[in-house]
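Below: the structure, in structure tokens.
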Amino acid sequence: MKKIYILLFIGIVLPWMQSCTDLKETVYDQIPTDQYGKNPKEIAALVAPVYNSVRNARSWSFRHLLDEVSDMQVVPTRKGGDWWDGGQHMYAKTHTWTNNNCGLITGLYNDIYGSISTCNKVLKLVEGIEMDGKDIVIAEIRGVRALFYYHVIDNFGQAPLVTNFDETALPTSASRKVLFDFVISELTAIKDVVRADVTSTSYGKFTKGAAYALLAKMYLNAEVWTGTPEWQKCVDACNVVMALPYILEPDWKISFAVKNELSKEIIFPAVFQLGAGGNNIANYSLHYLDDAILGLNLGSWNGCCADPNYVKEYDQDDKRYNWSFLTGPMKDPATGLVVLTAHSRPLIHTPEVTMYEATATNWGWCNQEDGARIWKWEIPKGLSGDMDNDFAILRLADIYLMKAESLVRLSGANSVATDLVNAIRARAFSPAKPVASASLDDVRKERRYEFAWEQMSRQDNIRFGTFLNAVPGWRGVSDPKHLLFPIPKDALDVNPGLTQNPGY
């Protein structure tokens, strides 16, 4: 047999290995294909870059844009100039972005296509190897690639469809419908090939649960993305996931704990690990002085906070408010006194964010302590780097509410949809506070309160028709062109065959 050599370059593969696999002991250089892929560790090494690329779905640009351009999150410029960042957060929040003034949009596009390229590269490699379970491995890679094309469809609409790593010609744009049909066909082809177990060994893998959950997301948004509603298909896909041994965790916090790999609610996560980097949620939101108060060793950045309009919507009895947001006075553990900021102001995190000295080109600044901070993921005392908590891209609560929404859109209020919504609410209220008969607006609100900080608000706002609405304090009614992001200028400059989205 002709020996084709696998080149696993240390500088590329090793950083990707650390999260999903335990491969620190061995570094592979040049190994003939007829000697490789013969045991689980070697197979895991091949697929590790694909699963580590899933972290891009929680990248800097994803984290900012998908909640910041909606009415959920804001990254205001702080007194002293922190987080002005060339105005990109202002452009995102106020819907004044172009194809060249907001690096977050360019970053989002690059993160998505970087992950797609990784999938194509590893897929080509695996296809050329004789290995055990090859069909399952290929199906998993195709599933992760479908996830990132789902993000292309959602955020950019039309864009290149590239499935061959060896393709050298510059790609042209495929329509949103072509991309939609591609993702549906890919998921349909693999859904019963990938592993179906819900166990510690399948955690972090693209499984049957992930395939059907992603199909449900596709069908949930089909009317927006293709013009044709697919509510019953969404219900059917949700039913398959709900028949698998996932559970709504009685303790809501388990899915956001440091060791949230123990959660049976998480269907598909971006897996993070101490020392491997990537999950810097704590640094991103906490005030510089919060670290010492909370027993952390981080050097936090005092960045994002909740949009005041959003956080004030919560029912005062909803436990998810305190589970999701850090508010109130921050006191020195030694003295019990409220700490003062560098501007001699009490460090009290309030929902309000008050902007001062706005101009035509600068939205001004707010005091350092303003805004409710991220408090959804457990932050352990003594933390001195990036967090170990995984990020649930797909979890069962979403399946419940997708099914409820689809049922209501199909036939109006009904008992099944009501039971699904109340199952989600049961964890959040004590005593219970069920809805009598779940309306579409009840489902919309429940999604808002359940999924704070989980990068769903933009998509939900668009599907429920609220995305273009004015957001008091930040922007007026938005132009419909903002339902999609522009194809970045950098991408157009490299490939003039790409098509720009309307209005840009």
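Read-outs: derived from the displayed coordinates by stated rules, not from any lab. What you see is a predicted model, and the numbers here were worked out from it, not measured in a lab. Cβ atoms come from the backbone with ideal geometry, glycine included; neighbour counts cover every protein chain shown.
Of note:
- Equivalent-ellipsoid semi-axes for segment 141-237 (Cα gyration tensor, √(5λ), whole Å, largest first): 23, 19, 9.
- LEU244, LEU420 arranged by Cβ crowding within 10 Å, fewest neighbours leading: LEU244, LEU420
- Inter-label distance, nm, simple model (7 Å from Cα along the C-beta direction), THR172/LYS433: 5.5
- Ranked packing of 322-331, 160-169, most packed first, by mean Cβ within 10 Å: 322-331, 160-169
- Length gained on full extension, LEU274 to GLU223: 14.3 nm, using 0.36 nm per residue less the C-alpha separation.
- Candidate cross-link partners of LYS233 among the lysines, defined by an alpha-carbon separation under 30 Å and a same-chain spacing of 8 or more, comprise LYS134, LYS177, LYS191, LYS205, LYS208, LYS217, LYS264, LYS403, LYS445, LYS481.
- The angle separating the long axis of helix 10-20 from the principal Cα axis of greatest extent in the chain is about 70 degrees.
- Fewest-first ordering of HIS64, HIS349, HIS343 by other beta carbons within 10 Å of each residue's beta carbon gives HIS343, HIS349, HIS64.
- Gap separating the Cα centres of segment 148-222 and segment 333-385, nearest whole Å: 39
- Helix 208-220 axis, angle to the chain major axis (alpha carbon atoms, nearest 10°): 60
- Average Cα contact separation per residue, the chain, under 8 Å, 6 or more apart, as relative contact order %: 18
- Neighbour-count ranking [beta-carbon atoms within 10 angstrom, fewest first] of VAL235, VAL193: VAL193, VAL235
- Model label points for LEU410 and ALA334, set 7 angstrom from Cα along the Cα-to-Cβ axis, are 6.2 nm apart.
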